[in-house]
6 protein chains.
Amino acid sequence: MRIFIINPNSDAEMTDAIRRAAEDYVQDDVEIECRLTPGAPKFIETYQDELTAAPGMMELVRANEKHFDAFIVACHSDVNLDALKEMTDRPVVGIGEASMKMATLLGHNFSVVTTHVHSIPGKEAQARKYHLQDLMVSVRAPDEPPDHLHDEEVFLDLGRDAIEEDLAEVIVLGCAGLAGLDKVMQSKLGVPVLDGVVCALIVATGLVRYGVSTSKALGYNAKYE
Amino acid sequence: MRIFIINPNSDAEMTDAIRRAAEDYVQDDVEIECRLTPGAPKFIETYQDELTAAPGMMELVRANEKHFDAFIVACHSDVNLDALKEMTDRPVVGIGEASMKMATLLGHNFSVVTTHVHSIPGKEAQARKYHLQDLMVSVRAPDEPPDHLHDEEVFLDLGRDAIEEDLAEVIVLGCAGLAGLDKVMQSKLGVPVLDGVVCALIVATGLVRYGVSTSKALGYNAKYE
Amino acid sequence: MRIFIINPNSDAEMTDAIRRAAEDYVQDDVEIECRLTPGAPKFIETYQDELTAAPGMMELVRANEKHFDAFIVACHSDVNLDALKEMTDRPVVGIGEASMKMATLLGHNFSVVTTHVHSIPGKEAQARKYHLQDLMVSVRAPDEPPDHLHDEEVFLDLGRDAIEEDLAEVIVLGCAGLAGLDKVMQSKLGVPVLDGVVCALIVATGLVRYGVSTSKALGYNAKYE
Amino acid sequence: MRIFIINPNSDAEMTDAIRRAAEDYVQDDVEIECRLTPGAPKFIETYQDELTAAPGMMELVRANEKHFDAFIVACHSDVNLDALKEMTDRPVVGIGEASMKMATLLGHNFSVVTTHVHSIPGKEAQARKYHLQDLMVSVRAPDEPPDHLHDEEVFLDLGRDAIEEDLAEVIVLGCAGLAGLDKVMQSKLGVPVLDGVVCALIVATGLVRYGVSTSKALGYNAKYE
Amino acid sequence: MRIFIINPNSDAEMTDAIRRAAEDYVQDDVEIECRLTPGAPKFIETYQDELTAAPGMMELVRANEKHFDAFIVACHSDVNLDALKEMTDRPVVGIGEASMKMATLLGHNFSVVTTHVHSIPGKEAQARKYHLQDLMVSVRAPDEPPDHLHDEEVFLDLGRDAIEEDLAEVIVLGCAGLAGLDKVMQSKLGVPVLDGVVCALIVATGLVRYGVSTSKALGYNAKYE
Amino acid sequence: MRIFIINPNSDAEMTDAIRRAAEDYVQDDVEIECRLTPGAPKFIETYQDELTAAPGMMELVRANEKHFDAFIVACHSDVNLDALKEMTDRPVVGIGEASMKMATLLGHNFSVVTTHVHSIPGKEAQARKYHLQDLMVSVRAPDEPPDHLHDEEVFLDLGRDAIEEDLAEVIVLGCAGLAGLDKVMQSKLGVPVLDGVVCALIVATGLVRYGVSTSKALGYNAKYE
């Protein structure tokens, strides 16, 4: 099985981190291709960034759908996900939807730990889109963005606050750039900590094996007449 | 006051119809500029169409924000509206949000009459995004798309069904291409029938006069740090 | 165009403040008549006050509907609004509904700043009635009612708390008596601050120009048989 | 114990029917006083009717609160209920709130059977106010209002439709004028059929015995400072 | 009338407290039988405890339904309530559902004061099941479980916090073991404080007198075919 | 990896069908053990059946948790799932939660096709518990239960109705006994058709590989103090 992971931004370092997280998870019979998006911004921080990333993302799907079994969109805000689900018959899974829905199978609620307070309104809109707004007890972000996304202490503190103050039962990492922090945080916090890349791989590889993909009945059918 | 209306598709005829509806409504002190979007598809029917229209729409805002007081996005699905609100300090109003929210000031509920069953899932997601899902009693579309968007009888029948079967109190025209049908439908159906272009003009001209625009406090602030 | 503004209480000073806010906004072709309600309490603070104001409000509509194009109810709790919408064919707009719905066009959420903690349960019920409860992130009121409604610092502090602690993107003034504070607060807080009187004028004048009024299809039709 | 039942309209015949339903239910130690509302319309059909009934209803409470232990508002739309709860320290129970909330203790959902399609928007708003909108599977009313409210067959048919088509498990009689139909309908339909007058008596007599009444903590405290 | 109260746990002391609370409330014509559940855990704290209590609870209903008019489940989490409603034609009332729904008749919202933070997720799920989640402003529990459930000061402090910080208007005692604290707390806090045992008795005795019981139309009909 | 599938009923034939569906899906490195529940009813149709199955289900977990990596509850109503999640540190996945949440990754909504109208209220309560009630557009069941659960035509017709009348985009099989119908239905209906057993295997095997299990932070921690 071959899975194509699209990093919607153009940062090579983050692309590598995503690829490593993916390869650490999958078994030998799954081949991972992880690529940054040509023409995309270095980071996806704004609504405009999402649109700027769109042509490159669509081109990656078009160029690769014959050779891969499924696609993963590796940005936690599930950038342009509806359009990709619509344009291909292959399964397309967002790391945001996969991780937040997986979280609801593991606890009574979840909290999202993310990198920047600026992304809170968008995260809340995304949770609402997925009907998860009342299961997401909080979105926690540092007052000051950390110098490095792997500044573990910052995110450990946020997770601890979510557990103690918001009574969060599960922590979802709200940014693909946090890939790799899941295990250390889970170990120190004592609750499930979910990285979206792995969650999306669980779903995507499962759907491929099951032979199921996006419904083309109506809303995701581009050729509906 | 100068209002710039963006038709997110590239159809000249629909652009003319939107301009006429706008000019019929505004007073002499409001100047309307209505343009199609270069590089956009002829119609916006799919999620991909929305992304394809994005570069042209963003370019229209960038090129014109110095010379205009507000922007209107004249597609009822409010294509790429969040990004435009984010990128400029001028008010940006979508005809979908304006018409559906205006409808809630005129009745206990509303129904959207639109052109194609294919757009129902998207319309429902849009209503949910605006927290209007329980106020929108139905989305009515013809079984067969009509030959002409101005095939008045088709839409009158849909409106009549919405009133009688769904107990709709207000009808919202769910496509910019239906501009111009509002008055004849209102006259024959006996309930308010709202064209989004006019509703957006009411809001946009009002905001300009009031000196209020999109909040840059957090989620729509592209430069947030 | 002639707009009749009903102040549901009997306070002459507040009526003057509302009139000034209205006249500051409208253009020359709109004539404003702003009146207090005979027989109403000096302030509308309780459910009983609302009912006590009802006969005078209904009489004002009956006596003036032939000579005016629209009515505005200038109390942020939209006192007796449903009955007024039902009794006349003219548009009737509440400053509460207009300002809270306008706020949702300008940000991801809003907070209401009001004069007294006692009005919080009512404000929450009102937001729920309009399906806005999840968009209204807070209702902020001073612990001690200020000596003067124009004690600007008190309300600036409340607005600042709403922005910083509740991540509010838009501030709605939750009392007609705060008319006039919008501009200074907007200037100091850096986010949109909405006065309901102006918001209702935007809607009411727009509806009159558009030729649309309350639906008489069912729930607002007093003569339904 | 003495319970005062306010019929918000001025129809003597309906008042008698309500009194009979009440007296049929209560035990010997409960004295019922049931009165029509002076100055109220003959029927409460519109929002204006509700306000017209208000002065008489408030006067009935003021004149009787010393001599009675609780009040019941015997109109299924719970006319002016908030104001009455606010004005007295005695428990005040609406037949709408009591019957719809009692219904949720007896089945997975309920349907309201009422007299006129015109009252459907109001009934839906009322259910929403009580957070019951998703438990109320339907409001069923005859296409043509029946000649007599005791035209049993009309309401039996509505109840049967609710059970078969809406999968309703409990039927709530949506008008005080239907008092007396509960037992015959329950017997023929085979599901619980609730008359609001009895439901309100269950609650009101219980609260009096328990020594509990409306909270004066905040929203129902008219003297809050 | 004879009411059978099932204490789902096997604690004799708590059973006595429940019986006393019940007998204090009912009139002479109501006979109370209150029993612990054979084979049940000493306290119901976990999901497993609930299932362990099930056989004994079902046996109590089977053995007593011929001789009693109604059943009450006297654990605030309404343990196994659906199954008991399904298995007998007699009314079955949970103290959780009765007290929380009664609270909504007395204030704009309520808070649940309970014994242990561990029960918060379950209480929230229960409120959601009853569609009360947005009316329940908080669940308050001590950081450290008190030595004695009748440690009045602990629960008074929780109630005070709920009133002052959460603006709660009504307090619901969230554990049958708190029976007996209602009156002293109501007296000191100045708001309604509801014990579920009494609330369930109000409903159960009322339903018996009214001749109404659980709907067997569909979901509670064990013999449906 | 070793997965233990609990069929909550005691029907050997259905247990075999579940085992076959599971073994058809998993790869060689996953060993499936599928067992019926000793002491459980032949079918789980009622709330009482669920409780009757509990002791046997809990015993199966206790006896096997040392030797297996995860548990699956193979009844679409997710019988006693919370208790099993609480009692073991191994992941426990219900086929109802897994299939309904997976469906939301594949379409804008889903419909559940099940065997009996009697199970509709329970299915709706279950969807609400998972916050999926507005994504589940319908529960479709035959008017007459079919003679055989593999009477393919009956369920094809239900699926077709869901797609055409309810605009369902994904079909979820609402009973473990329908295992095996997914592929033929998907092929004939042209939309994704999900069997819960496979969906639960996707989740359970993924969680085991990922090293994540139920949160013991609060609500699922039986030893919380």
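The values are calculated or read from the model by the stated rules, or taken from the named source; none is laboratory data. Because the structure is a prediction, the values reported are computed rather than measured. Virtual Cβ from ideal backbone geometry, glycine too; neighbours counted across all protein chains shown. The accessibility values were calculated without ligands, DNA or RNA, using every heavy atom of the protein model including side chains. Shrake-Rupley method; radii C 1.70, N 1.55, O 1.52, S 1.80 Å.
What separates the F:G211 label point from its copies, with the point 7 Å along Cα to Cβ, is 3.5, 6.0, 6.0, 6.8, 7.1 nm, written shortest first.
Chain E and chain F together bury an accessible surface of about 2500 square angstrom, both sides counted, with a 1.4 Å probe and no ligands or nucleic acids included. In units of the compact-protein estimate 2.2 N^0.38 Å, the stretch F:100-190 shows a Cα radius of gyration of 0.99. Across the accessible surface of the protein assembly as shown, with the other protein chains kept in place and a 1.4 Å probe, carbon and sulfur atoms take up 45 percent. Other protein chain C-beta atoms within 10 Å of residue C-beta, averaged over F:128-140: 3. Placing dummy labels 7 Å off each Cα toward the beta-carbon, the span from F:M1 to B:A125 is 3.0 nm.
In summary, the lysines within cross-link reach of C:K85, defined as a Cα separation below 19 angstrom excluding same-chain residues under 8 places away, comprise B:K101, C:K66, C:K101, C:K129, C:K216, C:K223, D:K123.
Here is how far apart the E:D161 label points are across copies: 1.9, 1.9, 5.2, 5.2, 5.6 nm, shortest first, using a point 7 Å from Cα toward Cβ.
The long axis of helix B:120-129 is offset from the longest Cα principal axis of chain B by roughly 50 degrees.
What is the helix-to-structure angle for F:12-25, meaning the angle in degrees between its Cα long axis and the longest Cα principal axis of chain F, kept from 0 to 90 and rounded to the nearest 10? It is inclined by approximately 90 degrees. Efficiency by 1/(1 + (r/R0)^6): what FRET value for E:Q27 and E:K66, r their Cβ-Cβ distance, R0 = 22 Å, to the nearest 0.05? The pair E:Q27/E:K66 has a calculated efficiency of 0.40.
The charge dipole of the stretch B:100-152, taken about its Cα centre with unit charges on the Cβ atoms of Lys, Arg (+1), Asp and Glu (-1) only, comes to about 460 debye.
What average count of beta carbons from other chains do you get within 10 Å of the Cβ of residues in D:199-206? So the per-residue partner count for this stretch is 5.
Compute the signed sum of charges (Lys and Arg +1, Asp and Glu -1) over the other residues within less than 9 Å, Cβ to Cβ, of A:N109.
Net charge around A:N109: -4.
Dipole orientation for the stretch C:109-225: of the candidates C:L178, C:S213, C:A162, C:S213 has the Cα lying most toward the positive pole (charges on Cβ; Lys, Arg +1; Asp, Glu -1). Note on the protein assembly as shown: with charges restricted to the Cβ of Lys and Arg (+1) and Asp and Glu (-1), its dipole about the Cα centre is near 0 debye. Placing pseudo-labels 7 Å out from each Cα toward the beta carbon at C:E152 and B:K42 gives an inter-label distance of 5.8 nm.
The helix-only estimate of mean residue ellipticity at 222 nm for chain C, built from DSSP H runs of length n ≥ 4 each weighted as -39500 (n - 2.57), is -13000 deg cm²/dmol after division by the residue total. Placing a label point 7 Å from Cα along the Cα-to-Cβ axis, A:E59 is separated from the same position in the other copies by 1.6, 6.5, 7.4, 7.4, 8.0 nm, shortest listed first. Among F:Q27, F:Q126, F:Q186, the residue with the largest mean-square fluctuation in a Gaussian network model of chain F, with springs joining Cα atoms closer than 10 Å, is F:Q27. Helix D:196-210 and the longest principal axis of the Cα set of chain D meet at an angle near 40°. At each listed q (0.09, 0.15 Å⁻¹), what is the log10 of I(q)/I(0) that the Debye formula gives for the stretch B:1-124 modelled as equal alpha-carbon point scatterers? Log10 of I(q)/I(0), two decimals: -0.25, -0.70. For the stretch C:39-95, the dipole from Cβ point charges (+1 on Lys and Arg, -1 on Asp and Glu) about the Cα centre works out to 180 debye, to the nearest 20.
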